[in-house]
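Below is one structure, written out as structure tokens; the observations come after it.
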Amino acid sequence: MNKFCRVLAVSTIALTLTGSIAIAQDQDHHDNQNHHQQYVKHDEWKKGQKIRTEDWSRGEQVDWHAQHLRKPPSGYEWRQVDGNYVLARPSDGVIFSVTVGR
């Protein structure tokens, strides 16, 4: 019986530690996602200017309706980049509008 209790205790500790590691890894992933959404001011992002390909490429496409943004004109799309919503033409990066993310 004593051996059974030790095995049970060791198994419980192992499962607890494994669960803690998984939770910590999930928290790190969540923190990394939030880090990408930190607001960065970009004075160069103005209507009629072009957003750099590197900036556009690292942005995430946004569901404009779910984010309460205006419907994009034909040929344009919304992306969230550095905590900003950028409405631009993917073909050449010409900016139509920039809104600070909420």
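The values are calculated or read from the model by the stated rules, or taken from the named source; none is laboratory data. Keep in mind it's a predicted model, so treat the numbers as computed, not measured. When we count neighbours, we look across all protein chains shown, and the Cβ atoms used for this are built from the backbone with ideal geometry, even at glycine.
Listed values, structure above:
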item: Which numbered condition Asp43 fails, given (1) at pLDDT below 95; (2) part of a strand (DSSP E or B); (3) not small (Gly, Ala, Ser); result: (2)
item: First in segment 51-71 and touching a residue at least 40 places away in the same chain (Cβ under 8 Å), second anywhere and part of a loop (DSSP other than H, G, I, E, B) and not hydrophobic (A, V, I, L, M, F, W, C), Cβ under 6 Å, 6 or more apart; result: Ile51/Gly93
item: Residues within segment 85-102 that are under 13 Å from Tyr39 (Cβ atoms) and either β-branched (Val, Ile, Thr) or modelled with pLDDT of 95 or more (or both), tallied; result: 5
